[in-house]
Amino acid sequence: MGEAILKIDNLRKYYPVKRQNSFGKSEWLKAVDGISFEVYEGETLGLVGESGCGKSTTRKLLLRLEEATSGSIYFHGRDIYRMNRAELKAFRHEAQVVFQDPYASLDPKWKVGKIIGEPLQIHGIGNRKTRREKVLALMECVGLPAEYYERYAHEFSGGQRQRIGIARALALEPTLIVADEPVSALDVSIQAQILNLMKDLQKRLELTYVFISHDLSVVKHICQRVAVMYLGKIVEIADTEELFSNPLHPYTVALMNAIPLPDPTLKQQLNVLEGEVPSPINPPTGCPFHTRCPHAMDICRVQEPPVNMMQNGHQLACHLYK
Ligand code: SF4
């Protein structure tokens with residue numbers, strides 16, 4: 001494993017809620033509630049969980065699109081919330097995003113060349129001629145023919161639009177890409193093409209990815225390590241192979257059981273997760289998963305389990321394992 005390019009330390013993001021509780025006190029939505037993890041150079045770290053678990057807020061915090069309530073994010077050892085203007089500008093070059101829905105994130109009235117070249121223009125890099133050359137090189141890099149340069153984004157299929165989104169993210173030659181559900185809006189066959197493209201680009205350009213997804217089967221395909229999030233907290237982190245062959249946290253086990261079987265005629269005799277994720281406003285006391293956990297004990301309702309390092313590199317927050 002390379003060096004830690006990102007170190008997230010006890011990160012929190014609470015949003016104020018307008019209503020007050022019965023004691024007249026202000027309430028907070030705890031979107032991210034004390035998460036810590038590292039991302040190593042050249043790896044793909046998956047961040048998985050159901051919708052509403054805090055994945056997308058984490059994405060905004062990692063890119064400093066929002067201020068954290070508390071905690072730190074170190075990028076190559078520098079706290080991104082304490083960077084000066086010059087350092088922050090350099091960070092904005094180094095860390096880029098690929099969004100879930102390429103159609104929503106691209107202006108359909110813009111031509112492909114303009115969409116991909118806009119970051120270069122915003123940052124005042126090169127002149128018209130060199131920017132055009134750079135954009136054409138990026139298009140080739142992601143498998144888009146040069147003749148698409150003058151065409152509009154709305155003329156393209158989802159997979160091609162995601163290639164445009166990836167080319168745009170690469171324009172400033174980043175080292176870190178945070179990809180938020182980058183293939184969720186695509187057909188399965190196109191998903192594989194985009195995942196393979198991302199893997200290929202990672203090797204060629206020495207990129208590090210944080211790959212956010214609700215879909216464990218996609219995460220299995222591309223990530224070296226996986227962090228499982230539940231209600232604003234990370235409940236388990238492990239190498240992908242280890243996590244899939246030996247999931248420990250009851251929530252991870254339930255997510256695994258929810259992966260559709262390749263043969264739908266096979267009856268799935270598994271303990272599939274029931275119920276909704278509780279509200280992050282007034283989340284459950286103790287272990288956040290205790291309201292849905294089949295193994296919940298008395299201690300789980302009152303005491304939050306600490307994150308422990310287990311055998312085979314699992315980091316785990318569960319009272320079942322000491
Ligand atoms: Fe279940 Fe308790 Fe473990 Fe939480 S701490 S996952 S409630 S067993």
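The values are calculated or read from the model by the stated rules, or taken from the named source; none is laboratory data. Keep in mind it's a predicted model, so treat the numbers as computed, not measured. Quick reminder, even Gly has a Cβ in these numbers, built from the backbone with ideal geometry, and neighbours come from all protein chains shown. Note: areas computed on protein heavy atoms with side chains; ligands, DNA, RNA excluded. Shrake-Rupley method; radii C 1.70, N 1.55, O 1.52, S 1.80 Å.
Among the numbered criteria (1) modelled with pLDDT of 95 or more; (2) basic (Lys, Arg); (3) over 22 Å from ARG78 (Cβ atoms), which single criterion is violated by ARG19?
So the condition that ARG19 fails would be (1).
Among the numbered criteria (1) part of a strand (DSSP E or B); (2) more than 14 Å from the chain's Cα centre (by Cα); (3) of a type outside the set (D, E, K, R), which single criterion is violated by PHE37?
Tallying (1) part of a strand (DSSP E or B); (2) more than 14 Å from the chain's Cα centre (by Cα); (3) of a type outside the set (D, E, K, R), PHE37 fails exactly one: (2).
Does the range 76-91 contain any residue that is of a type in the set (Val, Ile, Thr), more than 26 Å from TYR152 (Cα to Cα) and either in a helix (DSSP H, G or I) or open to solvent by 20 Å² or more (accessible area, probe 1.4 Å) (or both)?
Taking every residue of the range 76-91 in turn, at least one turns out to be of a type in the set (Val, Ile, Thr), more than 26 Å from TYR152 (Cα to Cα) and either in a helix (DSSP H, G or I) or open to solvent by 20 Å² or more (accessible area, probe 1.4 Å) (or both).
Taking the range 146-175, which residues are in contact with a helix residue (DSSP H, G or I) (Cβ under 9 Å, 6 or more places away or on another chain), in a helix (DSSP H, G or I) and open to solvent by 20 Å² or more (accessible area, probe 1.4 Å)?
Within the range 146-175, ALA146, TYR148, TYR149, GLU150, HIS154, GLU155, GLY158, GLN160, ARG161, ARG163, ARG168 qualify.
Given the structure, is GLY143 in contact with a Lys or Arg (Cβ under 7 Å, 6 or more places away or on another chain), closer than 25 Å to GLY42 by Cα and open to solvent by 20 Å² or more (accessible area, probe 1.4 Å)?
yes
Can you find even one residue in the range 15-33 that is in a helix (DSSP H, G or I) and farther than 30 Å from GLN160 by Cβ?
No, because not a single residue in the range 15-33 is in a helix (DSSP H, G or I) and farther than 30 Å from GLN160 by Cβ.
Any residue that is away from the ligand (no atom under 12 Å from the Cβ), under 21 Å from VAL32 (Cβ atoms) and open to solvent by 60 Å² or more (accessible area, probe 1.4 Å) - is there at least one of those in the range 293-312?
Scanning the range 293-312, I find no residue that is away from the ligand (no atom under 12 Å from the Cβ), under 21 Å from VAL32 (Cβ atoms) and open to solvent by 60 Å² or more (accessible area, probe 1.4 Å), so the answer is no.
Tell me the residue from GLY42, GLY46, GLY52 that is closer than 16 Å to LEU6 by Cα and either at pLDDT below 95 or assigned to a strand (DSSP E or B) (or both), please.
GLY46
If you go through the range 203-255, how many residues are within 16 Å of the ligand (Cβ to nearest atom), part of a helix (DSSP H, G or I), among the aliphatic types (A, V, I, L, M) and open to solvent by less than 30 Å² (accessible area, probe 1.4 Å)?
3
So in the range 267-289, with the set limited to residues that are open to solvent by 100 Å² or more (accessible area, probe 1.4 Å) and modelled with pLDDT under 80, which one is farthest from the ligand (Cβ to nearest atom)?
Restricting to residues being open to solvent by 100 Å² or more (accessible area, probe 1.4 Å) and modelled with pLDDT under 80, the top hit is LYS267.
Is it true that some residue in the range 96-108 is surrounded by 17 or more Cβ atoms within 10 Å (Cβ to Cβ), in contact with a Ser or Thr (Cβ under 9 Å, 6 or more places away or on another chain), over 30 Å from LYS220 (Cα atoms) and in contact (Cβ under 8 Å) with a residue 40 or more places away in the chain?
Scanning the range 96-108 turns up no residue that is surrounded by 17 or more Cβ atoms within 10 Å (Cβ to Cβ), in contact with a Ser or Thr (Cβ under 9 Å, 6 or more places away or on another chain), over 30 Å from LYS220 (Cα atoms) and in contact (Cβ under 8 Å) with a residue 40 or more places away in the chain.
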